[in-house]
Amino acid sequence: MRNSTEGDRENPMAITETTSEDGREPDDGSPAPAGGPRDEAAPAPADDHDRWRRFADDDGTAPLDAAPPGRWRRTGRLLVRGARSEWTLAGLFSVLLAVAMTWPLAKDLDDVVPHDTGDPLLLTYILGWVGHALRENPAGIWDTNSFWPLTDAYLFTDTLLGYAPLALFITGPTSALVVYNLLYIGTFALAFLGAYALLRQLGARVAGSAVAAAAFAYAPWKLGQAGHLQVLSVGGIALALAMLARGHGWSLRDGFRSERQRPGWIVAGWLTALWQFSIGAGLGIPFVYLLLGIGVVVGLHWLVTRPRLRWQTLAADGVGGVVFSLGVLWIADKHAVVARAYPEAVRDVDYISWFSPTWQSFIIAPEESRVWGAAHEAARADLTWAPEQALLVGFTLVALAVAGLVWSCWTGWQRCWLLLGGAAVFAVSMGPNFLDRGAWAWAPLYEYAPGWDAIRTPGRLAIYLTLILAVLAAGTLTRIADEADAVAHAARVDKRLKVKAPKRVHALLFLPIGLVLWEGLTVAPYVPVPEAPVDMAALEGPVLFLPSGGGDTKVQYWSTDGFVEVANGVAAFTPDEQAGLRSMSLDFPNDESVASLREAGIETVVVLPGSLPGSDWSGLDTEAEPFGVGVERTDDAVIYDLDPN
């Protein structure tokens, strides 16, 4: 990646590079770098400036009347320029870094999942169901083959609907694993690239943006969320904010510049925000409120200052905002139907408190952290649910952010607002565990903000705290880069030159990225996925697998082979009807249990003897052959046909 130049600060998302290797470039009359003294000497005459340019750029070999390049040469130059652009390099770096940080997952895409076989297999199944439903019956996507006979089961947890284009490539269990693992790696790459784009748009230099983006993408607290693809999918948040800021011509360093308005980026930002919301409501709902809050602040600012807005900008906001709002309302309405039909899905305050972080949570690492996991074991023992409460954002990030409160390229007022924003996120993310049961932060949102009562894990809002700290950290490193350029400019010999610090000096500012990535290393395993014990496509549904419970995620994943109807399922809550079926099967295969399951509509029961010990079905007699029931035994399962005729 190349060092930011003066042109970077005029247009942070633009690609400019005019300095020589030692950081010197001809003086074109533009001001010195921020923080550096201005040249007291009068600018060189235009003729002298032109002669300098000719001397610096012409090697004397080009003919004076050279013919303009042809079409192929122009195309080649554009391709070379694109390949060398900052954004091509940033995208390539983000992908390579994601592959390296998740290695060896990239070489075992088709037979393992990250962390465990719980939620990762559930989310793999959801992706498989999305692809199957969109190919076979898009209107029936809401009623999955699992949780039979319940309706709208697709909405029992985060839908991952935004990943539908990739889900279409899923045709069975193996391809489902490949798609899931590619998305898992991709979430880290997009998080880095999205944060990098946002920080560059705000006005941070290259090194500061890269270090802060790495801290955002590989924060230690995310290691405990390795099984939750929907939580790791946060890159769209940063990317949408970057697009909207660029489209409106706004940055932290330069404020609003009317000539920089780009309506196309505004529309792209709204569509990206909708895509982010469609992945899951857990992070999507707070994001909607964040955008609403930003809109209110921007609206009030416009009423006071009346900046010059192009009509295209207003039109882009109107069209993009309407599409975003309609999409959010459509998805939210579907979830509201589920909330009304299944009252057991509602979480009370005590339930949410169990999963909410404490005051110490933000300096406690999850057990998956290679660097801090073992050291913080005693601290995690005091937490009620450590996977959601160990929320260390990274000591390197905190140190850079604290320094940024004192010494930064951002103004004092900007730092104050960032500090207040971080404090607000900290308070809300603690949920009922903040002061007075959250009465001053989380409780009003829970009581009065639509959709907020569906969020059972407020601690996941740490993503916004991480992003705010990343902005502060980028400000620290950007200020160092600015000061280095100012010193080099003040010490220049030829006053006609605008001088920057050598690139090797700016390269030193990338060093903190090593500490950030070091803190982001994991010890979480990549777990082999068990094969189905039976031919799922050959079963006659509806099917009930026993034991039923947390292991149902494997059943759901296996069902991607043919999508036979199964009564099993795991989601964010346990429906009462499903609990009733489990209760009926506790004494299976006695006559009363068989009769009850027949009456409920179950056609086949598959018992997995190897999973019975320690479960509620540990006393199940797999040797019994009840009257009127067909029994087939294999090495791994016992299959009961409740209606053999």
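List of remarks:
- Flag if Leu461 is under 19 Å from Gly422 (Cβ atoms) and in a helix (DSSP H, G or I): yes
- Residues that are surrounded by fewer than 15 Cβ atoms within 10 Å (Cβ to Cβ) and assigned to a helix (DSSP H, G or I) within segment 610-619 comprise just one, Gly610.
- Among the residues of segment 406-422, those identified as assigned to a helix (DSSP H, G or I) and loosely packed, with under 13 Cβ neighbours inside 10 Å are Val406, Gly412, Trp413, Cys416, Leu420.
- Hey, Leu303 open to solvent by 60 Å² or more (accessible area, probe 1.4 Å), within 27 Å of Gln261 (Cβ to Cβ) and free of Cβ contacts under 8 Å to residues at least 12 places away in the same chain or not: yes
- Residues in segment 350-394 that are assigned to a helix (DSSP H, G or I), open to solvent by 80 Å² or more (accessible area, probe 1.4 Å) and closer than 22 Å to Leu472 by Cβ: Ile363 alone.
- Pairs linking a residue in segment 621-645 that is closer than 15 Å to Leu546 by Cβ to a residue that is among the small types (Gly, Ala, Ser) and open to solvent by less than 30 Å² (accessible area, probe 1.4 Å), with Cβ atoms under 6 Å and 6 or more positions apart or on different chains, are Asp641/Gly630.
- Selected residue [crowded, with 19+ Cβ neighbours inside 10 Å and either over 41 Å from the mean Cα position of the chain (by Cα) or not hydrophobic (A, V, I, L, M, F, W, C) (or both)] from Pro626, Pro542, Pro530: Pro542
- Exactly one residue among Gly186, Gly255 is at positive phi and surrounded by fewer than 24 Cβ atoms within 10 Å (Cβ to Cβ), and that residue is Gly255.
- Failed item in (1) over 21 Å from Arg340 (Cβ atoms); (2) among the hydroxyl-bearing types (Ser, Thr, Tyr); (3) more than 24 Å from the chain's Cα centre (by Cα), with Tyr448 passing the rest: (1)
- Set Asp485, Asp453: member being surrounded by fewer than 22 Cβ atoms within 10 Å (Cβ to Cβ), of a type outside the set (Lys, Arg) and in a helix (DSSP H, G or I): Asp453
- Restricting segment 581-599 to residues that are without any contact (Cβ under 8 Å) to a residue 12 or more places away in the chain and closer than 29 Å to Tyr154 by Cβ, the residue that is surrounded by the most Cβ atoms within 10 Å (Cβ to Cβ): Ser583
- Selected residue [open to solvent by less than 30 Å² (accessible area, probe 1.4 Å), within 30 Å of Ala579 (Cβ to Cβ), part of a loop (DSSP other than H, G, I, E, B) and modelled with pLDDT under 95] from Thr144, Thr117, Thr151, Thr159: Thr159
- Meets criteria (over 30 Å from Asp158 (Cα atoms) and open to solvent by 50 Å² or more (accessible area, probe 1.4 Å)) for Gln312: yes
- Some residue of segment 429-448 being closer than 21 Å to Phe216 by Cβ and in contact with a Lys or Arg (Cβ under 9 Å, 6 or more places away or on another chain): yes
- Checking Gly227 against (1) under 16 Å from the mean Cα position of the chain (by Cα); (2) within 23 Å of Ile455 (Cα to Cα); (3) modelled with pLDDT of 95 or more, the condition it does not meet: (3)
- Evaluation of Thr466 against the conditions (1) closer than 28 Å to Trp221 by Cβ; (2) open to solvent by 10 Å² or more (accessible area, probe 1.4 Å) shows that the sole unmet condition is (2).
- The conditions of being in a helix (DSSP H, G or I), closer than 19 Å to Ser325 by Cβ and either aromatic (Phe, Trp, Tyr) or at pLDDT below 95 (or both) are not met by Trp221.
- Checking Leu472 against (1) without any contact (Cβ under 8 Å) to a residue 40 or more places away in the chain; (2) open to solvent by less than 30 Å² (accessible area, probe 1.4 Å); (3) over 30 Å from Leu612 (Cα atoms), the condition it does not meet: (1)
- Restricting attention to segment 554-571, the residues being assigned to a helix (DSSP H, G or I) and either more than 16 Å from Thr124 (Cα to Cα) or modelled with pLDDT under 95 (or both) number 0.
The values are calculated or read from the model by the stated rules, or taken from the named source; none is laboratory data. Because the structure is predicted, anything quoted here is derived from the model rather than measured. Glycine also receives a Cβ, built like all others from the backbone with ideal geometry; neighbour counts cover every protein chain displayed. Only protein heavy atoms, including side chains, enter the accessible area calculation; ligands, DNA and RNA are left aside. Shrake-Rupley method; radii C 1.70, N 1.55, O 1.52, S 1.80 Å.
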